[in-house]
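The values are calculated or read from the model by the stated rules, or taken from the named source; none is laboratory data. Remember, it's a predicted structure, so these values are computed and weren't measured experimentally. Note: ideal-geometry Cβ built from the backbone for every residue, glycine included; neighbour counts use all protein chains shown. To get the accessible areas, we keep the full protein, side chains included, count just its heavy atoms, and leave off ligands, DNA and RNA. Shrake-Rupley method; radii C 1.70, N 1.55, O 1.52, S 1.80 Å.
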Amino acid sequence: MTNADGDHRTPPLADGCDARTLIALRAASGPAPDDDAAARIAAGAWRRARSPGARSDWRRVLRGRALRAAAAVLVVAVGSLGVFALDPPAAAFAVEGAPIQMWKGDRWVAARRVHADDTALYAAEGVRTLRGPDGATIVPQPGTTLRIAKGETRGTFRVEILAGTAQVTGPTLFVSMADVDVAPDGGDGAFRALFVRGGAAATGAAPPAFPASAPAAFARVQVDGGSARVRRRSTGEFLDLTAAQSAALLPVGEGPGVRLQLGRLGTFSTDVALCIASGSPVVDVGRTGGDVIAVLGDGGGAVHGFVIDRAEVRFALDEINTAMLARVARASIDMQVDVDVAGSVSDDDVTCEIRRTLGDTSLRVLVLRSSDVVVESDGGVRRYPSVEAALAAEPERLGALRDDLAPR
Amino acid sequence: MTSSALPLPGDGAARPSARAAAHGLRVLPGEAALEVAAPTDAELLARARAGDRGAFGALVGRHHRMLAGLVRQRAGAAAPVEDLLQDVFAKALDKLDGFDGRAAFATWAGAIALNLATDWTRKRSRRSRLAPTSSLGDEEPAHTGGAAPGRALELREEAARARQALDALPLAQRVAVTLRIVEELPYEVVAERVGAPVTTVRTWVSRGLRQVREMLEVTRDER
C-alpha cells in the first residue's frame, strides 16, 4: 500500500508486527485510493452536502433559534420515550485472554467480544475472562459451554451454564443450570460463585460438534462470596446460601423413577460415615466436575450431598458399600474400578472404554495410556499388562471385543 | 509562510510539500528553506465551517486513506469506497456545527464511516436475500495482490479474521492501528490525528496488533 508522502514512513515491521499480521491487516483494509481520489471525494462530498434535499437544507430551515430549541425539545422528548419503550441493545462482554468460541448456527467462530444475545459460547483450551459492561466477570474453564442473555431487569444478565465449570463474580449476573436459577442476594458487589455441570472436567481440546447440555444430575453451585438464593423453576423449592455453602441437584430414586431434588452439599467426614453405618440410607453416588458425591436421605424426604475428598474416596466407598444397597453397590463398583486401576486414575488416563452386556453379564473394559487393560465383570476387577494379555486370559469374554480393543 | 497561505489538496494542483503538510508532516530540507507547520484539523474545520472549500479538501486529503481502510474493514473489498467516502464527508460537512471537538476529527469521522459501511452492508444483504444472484457474482473480491489461488483463499480468510479482530477494538484504537500499520504514519502524526499522547498510541497499536495476531493464530490452529 502506498502513501503519497512516503518519505516519512517507518517500516511497520519494526513495531513488532510480523509479516503475516501486516499482510492480513492490509488485505482487510484494501488498497490505498489513488492520488487523485482525494480531490474526487472532496468535490463529490461538497456537492452532495450542498445539493437540494441534503440535510443541510433542513438545517437552514431550522436556522431560527426558537425553532431549533423547539426541535431540540421535541427530539429529547421522543428520545426519552424511545428509551423507555425500547429494549436497549444487547450489551457486550469483552473477552480477556484467549478468545472464546461463538456458535454461528453451523460452526464455532473465535470471538473477542460477545453480546448478551443468548448465543452459545464455548471455552476451548486457554484462560479467559468475560468482562461485562459493569465489571462483572465470568471465567469459564476449558470445556465449558454457556450462554449470556439480558436479564429481566435493566443492567442485569442471565448466564446459562450448559456444561462445564465457570466462576462468576458480580451482583448483576443471574446464573441458571438446568431448571435451577441462582440469584445474587443484594447488590453489595461481593457475589462470587462456582458453577459445575457435568461429569469429569473436560479438557476443552476441541469444541463439540454443536452446543450440548450436560446432564442436570449433580449440577452444583458453591457460593464463595456474598449470598444467593438457589431456586428450582419446576418445583419452586429454594435454598439460601451464604459464603462457603453449596447446593446441588441430587438424584433420588432408581431407574426410570429417578427424580432430582435440590439439596445442600457438605463434605464427607467420619460423622457422615457413622450415619451411613448406623442406617442412614445412601441413595446415590455420582461424579461431578471430577469430584465424587454421595447422596444421603434423612428419612424425612430431604436429601443431602457430601463431596468426598479425593484422598478419601476408597474409605468413603467402603463405608457406602457396607450399607449394602444394591444400587449404591453398583455405583461404588464403578468407582472401585477407578480407585483400583491407578490409585487415583483420572479420565485422562483412559484411552478407550467399552461397555457390553453379554448374556447375563455386564462387561466393562478400560484401556489405559500405559497400555494396561482393566476388565470389570461379575463384580470383579482384573488388570492385564496389554490387550493381548487380556484377550489371552479371557478369550471367551473378550473375543467379541477384539476389533474394538485393537490399537488404532 | 502562514498555514492559511498553503495550497491544499482539493484545491487542484497541490505541490508535494503542501501535501506533506496537509498530512501533518514537516517539509523536508531541500524542498523548502523553512519548516512549515501544517494547519491542524481544528483550523481546517473552522475554515470549512466558514465555507472554505480548500480547507475541506485538505481535511479530505488528510483523512481519506484511513477512512477508506475503515470502510473496507467493515464492508469488505467489494464496497464502493469512493461513493461511501463522499457520503462520509458530506455527512461530516453537514454535521460540522454539531462537532464539539471533544473527540479527534479522525475518530469522529471514523465513526461515521463505520456506520455508513454497516448500513451499506445491511442493504446489500437485504438485496441479495430478495434477489439472489449467482454465488460467483456475489463473491467478494479480495485484495490479494495476484496471489496464487490457494494462497488467495488463505489470505481472504486471514483478512476476515483481521476484520473480526479490528471490530473488537475501541474506535480510537482501531483508527490508530489503521493509521500506523496500514497508512504507515509516524507515531507522532498518529497521536496528533487521534488526539492522544504518543505513549498511549504506542500501547494501543501494540495491543491491537497482539489481538489481530491472536485471532490469526486461532485460524492457524483450526486448519
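Based on this model, can you work out whether A:Val114 counts as modelled with pLDDT of 85 or more and on the phi < 0 side of the Ramachandran plot?
Details: modelled with pLDDT of 85 or more: yes; on the phi < 0 side of the Ramachandran plot: yes.
Here the answer is yes, as A:Val114 does meet what is asked.
Only helices (runs of 4 or more DSSP H) wholly contained in segment B:38-109 count here; list those with 3 or more residues that are open to solvent by 40 Å² or more (accessible area, probe 1.4 Å) and at pLDDT 85 or above.
Values: elements: B:41-49, B:53-75, B:81-94.
The qualifying helices (runs of 4 or more DSSP H) are B:81-94.
Starting from segment A:384-397, keep only residues that are assigned by TED's automatic domain parsing to the domain that holds A:Cys352 and touching a residue at least 24 places away in the same chain (Cβ under 8 Å), then list their pairs with residues that are open to solvent by less than 80 Å² (accessible area, probe 1.4 Å) and among the small types (Gly, Ala, Ser) whose Cβ atoms are within a distance under 7 Å, requiring at least 6 positions of separation or different chains.
Filtered contacts from segment A:384-397: A:Arg397/A:Ser377.
Evaluate segment B:188-199: report whether one residue or more is in contact with a strand residue (DSSP E or B) (Cβ under 7 Å, 6 or more places away or on another chain) and assigned to a helix (DSSP H, G or I).
no
Those residues that are farther than 14 Å from A:Val350 by Cβ and touching a residue at least 12 places away in the same chain (Cβ under 8 Å), I need them from segment A:361-380; list them, please. Explain how you work it out, then say what you get.
Pass one, segment A:361-380, residues farther than 14 Å from A:Val350 by Cβ: A:361-363, A:377-380.
Hits for segment A:361-380 are A:Thr361, A:Ser362, A:Leu363, A:Ser377, A:Asp378, A:Gly379.
Looking at segment A:23-42 only, could you name the residues that are closer than 16 Å to B:Ala113 by Cα and surrounded by 24 or more Cβ atoms within 10 Å (Cβ to Cβ)?
Within segment A:23-42, A:Ala28, A:Ser29, A:Gly30, A:Ala38, A:Ile41, A:Ala42 qualify.
List pairs: first residue in segment A:94-110 and assigned to a loop (DSSP other than H, G, I, E, B), second residue exposed (fewer than 14 other Cβ atoms within 10 Å of the Cβ) anywhere in the structure, Cβ distance under 7 angstrom, at least six positions apart or on different chains.
A:Ala98/A:Gly126; A:Ala98/A:Val127
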